[in-house]
Every structure is written in structure tokens, then in C-alpha cells.
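The values are calculated or read from the model by the stated rules, or taken from the named source; none is laboratory data. All values reported here derive from a predicted model rather than from experimental measurement. Reconstructed Cβ throughout: ideal geometry from the backbone, glycine too, with neighbour counts over all protein chains shown. Please note that ligands, DNA and RNA were not included when accessible areas were found on the heavy atoms of the full protein model with its side chains. Shrake-Rupley method; radii C 1.70, N 1.55, O 1.52, S 1.80 Å.
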Amino acid sequence: MPSYLTAWPSRDLIRAGHQQITREWWQNRRARFDLYISQLVLGEAAAGDAEAARERVAALKGIPILDATDAVTELAGALTRSLALPQKAVSDAIHIATAAVHKMHFLLTWNCAHIANAEMSGAIEAACEEAGLSCPVICTPEELMGL
């Protein structure tokens, strides 16, 4: 989400729409929630073009960072296995596991391939429940815009 918040406007209509919704959510809705990020989110924000990375990291400044605990690692492994995620998507399981272990109510993402994916939600919820955890509500900023 930080990438959509700080990126130059895209020519791709869908990406441009995601960028606009992200900016509107950040300006109008974020104050209504206690925001948290993981070290993984911070690392992703810091990657790539140096100037763009500085902007992404600056946008996240002051947001508390959730710990990567053994419980996060265990649940991420269970999610990776149950969802049959490709190796490149293991970080997606870590995002979900971090939110579940730290009892976050929402996990906000534009990643609809492996995180905000209705076809995977049942397996995600089952893996969390098997670990004795509640699954966060996984949604896009558009779904969390309120009334």
C-alpha cells in the first residue's frame, strides 16, 4: 500500500484507481484506525529506487512495528503449506501471519493474488484457527472506506 500512496500517477487505469483510493483512504480514513506495520513492510518500502523508497519510508514514519516472533514464523509456514504458495509468495504468508499473531482486526492490502483473495480465504482462516488465532479481516483500502 505505501507504494500506491507515494507513486507517480500511473497510466494504467486500474493501478491509477488503486492509487487514488489509497490516497483518499490515507487522507480521510487512516486516523480512525490504529495502524501497525511489520519489519517486512518496512523492508519492502525501503527497496527499489532510492528516492521513491525514501518517500515510502517517510510515509510510514511513526507507525509502530510488529515483532516477527516464532509464532509468526510457524503460522507463516502453515499458511505457505496450506495455500501451496510459490516460493516468491512466502512473504505474503508472513504478512497474514504477522497480522493474526498480533491480533490485528484488519490486514489492508492491494495484493489480491495471495492475500485479499476470496478463493484462498477459507484456507487462510482455517490455518489461523488451527493455530488458535483469529484471522484478521483481509481487505483492500476500497473495502475499508466506510459509509
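Odds and ends about this structure:
- Subset of segment 50-100 (residues that are open to solvent by less than 30 Å² (accessible area, probe 1.4 Å) and touching a Ser or Thr at 6+ places or on another chain (Cβ under 6 Å)): A59, L66, V72, A93, T98
- Criterion (of a type outside the set (F, W, Y) and modelled with pLDDT under 95) met by exactly one of A52, A76, A71: A52
- Residue count for segment 21-45 under the criterion of being in a helix (DSSP H, G or I) and either surrounded by 14 or more Cβ atoms within 10 Å (Cβ to Cβ) or under 15 Å from the mean Cα position of the chain (by Cα) (or both): the result is 13.
- Any chance R11 is part of a helix (DSSP H, G or I) and either farther than 18 Å from M145 by Cα or over 15 Å from the mean Cα position of the chain (by Cα) (or both): no
- Looking across segment 115-134 at every residue that is open to solvent by less than 40 Å² (accessible area, probe 1.4 Å) and part of a loop (DSSP other than H, G, I, E, B), the one that is nearest to R23 (Cα to Cα) is identified as A116.
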